[in-house]
1. With the condition kept exactly as written, say whether any residue in the stretch 81-103 is touching a Lys or Arg at 6+ places or on another chain (Cβ under 8 Å) and hydroxyl-bearing (Ser, Thr, Tyr).
2. Taking the criterion of being within 17 Å of Asp89 (Cβ to Cβ) and in contact with a helix residue (DSSP H, G or I) (Cβ under 8 Å, 6 or more places away or on another chain), would at least one residue in the stretch 180-192 satisfy it?
3. Residues Leu31, Leu13, Leu9: which one is surrounded by 14 or more Cβ atoms within 10 Å (Cβ to Cβ) and either among the polar types (S, T, N, Q) or within 29 Å of Arg122 (Cα to Cα) (or both)?
4. Any idea how many residues of the stretch 155-170 are among the hydrophobic types (A, V, I, L, M, F, W, C), over 16 Å from Glu85 (Cα atoms) and outside any helix (DSSP H, G or I)?
5. Name the residue that is nearest to Asp183 (Cα to Cα), counting only residues in the stretch 124-146 that are assigned to a helix (DSSP H, G or I) and touching a strand residue (DSSP E or B) at 6+ places or on another chain (Cβ under 9 Å).
6. From the list Glu180, Glu149, pick out the single residue that is surrounded by 11 or more Cβ atoms within 10 Å (Cβ to Cβ) and part of a helix (DSSP H, G or I).
7. Looking at (1) farther than 30 Å from Pro144 by Cα; (2) touching a helix residue (DSSP H, G or I) at 6+ places or on another chain (Cβ under 9 Å), which one does Ala74 not meet, given that it meets all the others?
8. Among the numbered criteria (1) of a type in the set (A, V, I, L, M); (2) at pLDDT below 95; (3) not in a helix (DSSP H, G or I), which single criterion is violated by Ile58?
Amino acid sequence: MFEGVVQELIDELGRLPGVGPKSAQRIAFYLLQSEDDQAKKLAQVLLEVKDRVKFCEICGNVTEDPTCSICRDARRNQTLICVVEESKDVQAIERTREFRGLYHVLGGAISPIDGVGPDQLRIKELMTRLSNPEIQEVIIATDPNLEGEATATYLTRMLSTLGVTVSRLASGLPVGGDLEYADEVTLGRAFAGRTRSN
């Protein structure tokens, strides 16, 4: 254990997701050995992000403006909404260039163990958006894990009474993967979502 501010830095870095104690220590010592300008720039950017970045008033995506560039883009298909857990999921889908509709960011997934229920997510805002008769389909694109599945099931039940088409992203085996390494859930979803060959 180090003394004073060095240990405080390691502790704070260790609170970041995916950063364990050893990684936190490596990052801390990298920062200590870097040029003053580099550390100051990092500190400045962190403060600017906290000060300037907010969540889109419509979809909940990160933006520096009241509404994000996707919601402002009139060329997007206004009849489709893709529901995702986090803003990083929006970026992942955008990289595919396959989806040209709108998004709705929930801000997480239902996880009773972590104390996250439907009321902590942006589900009310989604229901408000769906009062627009233009919306024809909601694509649920939550993570294929226990929390994502619970969230998708909850949303499917809620949305089934609204008269909009509700669909889920296809899931199953990755291209280039081996069957022996697939877990039971992935393999089961692959069987359930199988398609006919002509």
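The values are calculated or read from the model by the stated rules, or taken from the named source; none is laboratory data. Please read these numbers as outputs of a predicted model, since none were measured by experiment. Every residue, glycine among them, receives a Cβ derived from its backbone with ideal geometry; neighbour counts consider all protein chains shown.
1. no
2. no
3. After ruling out the rest, the residue left standing is Leu13.
4. Final tally of qualifying residues: 4.
5. Per the criteria, the residue is Leu146.
6. Going through Glu180, Glu149 in turn, just one is surrounded by 11 or more Cβ atoms within 10 Å (Cβ to Cβ) and part of a helix (DSSP H, G or I): Glu149.
7. Ala74 satisfies every listed condition except (2).
8. Result: Ile58 fails condition (2) only.
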